[in-house]
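The values are calculated or read from the model by the stated rules, or taken from the named source; none is laboratory data. Here the structure is a predicted model, which is why all the values come from computation and not from measurement. Positions of Cβ are backbone-derived with ideal geometry, glycine not excepted, and every protein chain shown enters the neighbour counts. Note: areas computed on protein heavy atoms with side chains; ligands, DNA, RNA excluded. Shrake-Rupley method; radii C 1.70, N 1.55, O 1.52, S 1.80 Å.
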Amino acid sequence: MSIRLRLILTLLAATVAVWLSAILWIQHSTRAKVEDVLDARLAESARMVSSLLADRRIDVADASDAFKVPMAEDATYSSQLTCQIWSLSGALIGQSSGAPEARLSEGAETGYAFSTIDGERWRVYTVVNPALGVRVMVGDSVAVRDRLVRDVIGGLLWPAAIVLPGLAALIWIGIAGGLAPLDRLAASLRQRGASDFSPLPAGPAPADLRPVRDALNGLFARAAKRRETERDFTAFAAHELKTPLAGLKTQAWIARKAEDDVTRGAALEEIETSVTRTDRLVRQLLELTAVEGDHLPAQVFGLGEIVSEVVRELEALASGRDLKIVIEPMPEDLSVPRFLLHAAIRNVVENALLASPPGGIVRIGAICDAGRCRIEVSDTGPGIPEAIRKSATDRFVRGRAGVGSGLGLAIVAVAMERLGGTLDLMPECPGQLVRLTVPRDITPAGGRRGR
Amino acid sequence: MRVLIVEDDAVLANGLVVGLRLGGFGADVVHRVEDARVALAGGGFEGVVLDIGLPDGSGMDLLVELRRAGNAVPILLLTARDQVADRVAGLDHGADDYMGKPFDMDELSARLRALLRRGEGRAAPGLAWNGLVIDPGRMTGRMDGRDLRFSAREFAILHHLMERPGTIRSKGELEERLYGWTGEVESNTVEVHVHKLRAKLGAGFIETVRGVGYRVAPEGS
């Protein structure tokens, strides 16, 4: 249900409820007042008749004919005030015209009473005059009294019926005006292009909308930053792929143009090298996207198992460069997202192999305590140059000219961050020591970072 | 036509050296800005193929630095960033030409030849001497109404001799032109190719200066 409809319905319901309770209350109080006034009049009339009798202005004995109280016929509230005079012995002495044949009230004492005669309800006041030996009864039709109250209430209801639609219209206009800034905000959001991350116009906004606008602007800024990072990365990746492509194309040209087999063979060898390197670049680009991805559940596995898997994958690289990989025994089990640790270890070992001079040794070892594991990979290469040690984990920062994609340590850094671990680069003499410190058991990585 | 290549990617650098040598250029390669600075200070290059993204700095900075120092050597920028804005920036910073990676080797050679030609103040593409006109783009020649075809190595030697007619080129200098296609040049390679050239052009076109090297014979001889 829209805010607008809800507001209008609530306001209308509240208005009607207030109005109705006002009417009920007025009806109640009017009825009470009308009854008070009419009852007083009844009593007064009865006493008046009684005193007239007492003055002997009307001879009870002669009053065999009913006296009349003339009333205007067209009066709306012809009260049909009716009077009967009874002897104490129970004989009807006289009555007003229009009075019923039956006795108005069975009550014997002075006071008010209700009675029903021929299906019509009466309110009767009886005065007992022992001196004259008569009972004077003055009655009032209850139906007339009710009509009086009804007409008063009717007088209230009709204006309400006429005013309510007008009130509804006013509420509608008021709410529409009040919600207009929301509509404008919606319109400006609707017109936005998918790549428009500029802040919303800073014009005056109602205080209630300002937090929404600020929150939206915050979201736009975050989305813009994310988009920029992704675009930078994509542009970077495209550039990084263009250089090996240029190399491939040039070498292919040479292979085609070469006049001797030696030149052609050398060009084909270069092409193979370049394809291997480009393949690694593409794999690392995908790996980087994957380690940044969601839904990486923790798995229980042996640390030694993952290290020997990595070494198996890199065997060809190692033997091609006449390198030796030494693995220390690691019996420990871990419970972390396997893919993250695998990517981290693989890239560290691959870097170590690429950095090592022919005949070099790469050592992989681990020390674990109850909470964490420290995995150390050392090589006998030249080490990461001092100048780039700080930026070594940035993307496309290469350690050695023409070797590597510049993504390896970036992948390791992201994987370590997601594992809640740390990456330390420590120079050794000679070579480089890379230490990965990871918790042995983590909650799924998704919960660790606010992604 | 000696060209300095400044490129950090090993495969591409190798491809450029070999490719340009096949195209009749003499090519040297360095991988870093610092090395390029040293090589250019030594002089002797008629053109530079300059990559922008280098491990120890930007080729663009080197370009600006060279131009500010008054170095007018023709420079062709080679880069993966080949958007219009990048090209404009490169040319406005003093580059003579601009090619995006990946590029066509034939086109690169043609553009380099054009750059070097302009650097020497010539507009016509060919070189002419003593009745021979050679076309570096196609590695062909024309003499006395006959079309002549040369192998890449023959042409490299001929081209180098005709660039500055009369200048004596040592055997080592000529070997350097051939070096890199096969990795090594046998000791008599230059003699073999000069012999083949003489068979096509007539015995007197290239003179042997004993103990020094070779040159094209003076015009009219």
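Simple spin-label estimate for A:Cys429 and B:Val84 gives 5.8 nm between the two label positions (7 Å along the Cα-to-Cβ direction from each Cα).
Of the accessible area of region A:303-451, computed with a 1.4 Å probe over protein heavy atoms only, carbon and sulfur atoms account for 52 percent.
Under 5 Å from the amide H of A:Ile93 lie the amide H atoms of A:Ile85, A:Trp86, A:Ser87, each residue being 5 or more positions distant or on a separate chain, with H modelled from the backbone and absent for Pro and chain starts.
Express the Stokes-Einstein translational diffusion coefficient of region A:296-448 in µm² s⁻¹, to the nearest whole number, given a Kirkwood radius over alpha-carbon pairs, 25 °C and a viscosity of 0.890 mPa s.
D, rounded to a whole number, is 158 µm²/s.
A Gaussian network model of chain B, with springs between Cα atoms under 10 Å, assigns the largest mean-square fluctuation among B:Val73, B:Val133, B:Val84 to B:Val84. Accessible surface calculations at 1.4 Å, restricted to protein heavy atoms, place the protein assembly as shown at 51 Å² per residue.
Relative to the longest principal axis of the Cα atoms of chain B, the long axis of helix B:59-68 lies at roughly 70 degrees. Once the Cβ-Cβ distance of B:Val209 and A:Thr273 is raised to the sixth power relative to R0 = 35 Å, the FRET efficiency obtained is 0.25.
With a Förster radius of 25 Å, plug the Cβ-Cβ distance of A:Lys390 and A:Thr234 into 1/(1 + (r/R0)^6) and report the FRET value to the nearest 0.05. Working from the Cβ atoms, E equals 0.50. Result for chain B in a Gaussian network model with C-alpha springs under 10 Å: among B:Ala85, B:Ala110, B:Ala203, the largest mean-square fluctuation is at B:Ala85. Here the Gaussian network model covers chain B, with springs between Cα atoms less than 10 Å apart; of B:Pro102, B:Pro74, B:Pro125, B:Pro102 fluctuates the most.
The listed residues A:Ile175, A:Ile271, once ranked by accessible area (1.4 Å probe) with the largest placed first, stand as A:Ile271, A:Ile175.
Taking a straight Cα-Cα cut-off under 29 Å and skipping sequence neighbours fewer than 8 places away in the same chain, the lysines within cross-link reach of B:Lys101 are A:Lys225, A:Lys242, A:Lys249, A:Lys257.
A Cα-only calculation for region A:210-291 places Rg and Dmax at 21.3, 76 Å. Please name the residues of region B:1-21 whose accessible area, counted over protein heavy atoms with a 1.4 angstrom probe, falls by no less than 10 Å² between the chain alone and the full protein assembly. Residues meeting the cut-off: B:Asp8, B:Asp9, B:Ala10, B:Val11, B:Leu12, B:Asn14, B:Gly15, B:Val18, B:Gly19. Taking every DSSP helix (H) stretch of at least 4 residues in chain A, weighting each as -39,500 (n - 2.57) and dividing the sum by the residue count yields a mean residue ellipticity at 222 nm of -18000 deg cm²/dmol. Relative to the first principal axis of the alpha-carbon coordinates of chain B, what is the inclination of helix B:105-119, with its axis defined by its Cα atoms, in degrees from 0 to 90 and to the nearest 10? Once rounded, one gets 80 degrees. Under a 5 Å amide H cut-off, with hydrogens placed 1.01 Å from N, A:Glu332 pairs with A:Leu303, A:Gly304 among residues at least 5 apart or on other chains.
Measuring nothing but how far apart in sequence close Cα pairs (under 8 Å, 6+ apart) lie, relative to its length, region A:69-215 scores a relative contact order of 17 percent. For chain A, the relative contact order comes to 10 percent (Cα pairs under 8 Å, sequence separation of at least 6).
Long hydrophobic helices in chain A, taken as whole DSSP H segments with a C-alpha length of 18 Å or more on their own axis and mean Kyte-Doolittle hydropathy at least 0.0: A:3-54, A:142-190, A:338-355. Dividing the C-alpha radius of gyration of chain A by 2.2 N^0.38 Å, with N its residue count, gives 2.33. Per-residue SASA remark: A:Glu417, around 100 Å² accessible (1.4 Å probe; ligands, DNA and RNA not included). Accessible area of A:Val275 (1.4 Å probe, protein heavy atoms only, ligands and nucleic acids ignored): about 80 Å².
Taking every DSSP beta bridge that has both residues in region A:235-388, what percent is antiparallel when rounded to the nearest 5?
70
What the Kirkwood sum gives for chain B is a hydrodynamic radius of 18.3 Å, with every pair of different alpha carbons counted.
Counting only DSSP beta bridges with both residues in the protein assembly as shown, tell me the antiparallel percent, nearest 5.
75
Taking the accessible area of region A:186-279, probe 1.4 Å, and keeping the other protein chains in place, the carbon and sulfur fraction comes to 59%. Under the simplified labelling scheme, the A:Leu286-A:Glu332 pair shows an inter-label distance of 3.1 nm, with each label point 7 Å from Cα along Cα→Cβ.
Excluding ligands, DNA and RNA and using a 1.4 Å probe, chains A and B jointly bury around 2200 Å² of accessible surface, summed across both partners. Summarising the strand pairing of chain B, around 55 percent of its internal DSSP beta bridges are antiparallel. Per residue, the average separation of C-alpha pairs within less than 8 Å and at least 6 apart gives region B:127-216 a relative contact order of 27 percent.
Using the Cβ-Cβ distance between B:Glu175 and A:Ala316 with R0 set to 35 Å, the FRET efficiency works out to roughly 0.40.
Calculated mean residue ellipticity at 222 nm for chain B: -12500 deg cm²/dmol, from DSSP H runs with n ≥ 4 weighted as -39500 (n - 2.57), summed, divided by the residue count and rounded to 500. For region B:127-216, the Cβ-based charge dipole about the Cα centre amounts to some 260 debye (Lys, Arg positive; Asp, Glu negative; other atoms uncharged).
All distinct Cα pairs of region B:2-119 go into the 1/r average, and the inverse of that average, the Kirkwood radius, is 13.9 Å.
Along the charge dipole of chain A, which of A:Pro358, A:Ala91, A:Gln27 sits closest to the positive end, that is, farthest toward it, with unit charges on the beta carbon of Lys, Arg, Asp and Glu (+1, +1, -1, -1)? Farthest along the dipole direction, towards plus: A:Pro358. Split the accessible area of chain B by element, probe 1.4 Å, and carbon with sulfur accounts for 49%.
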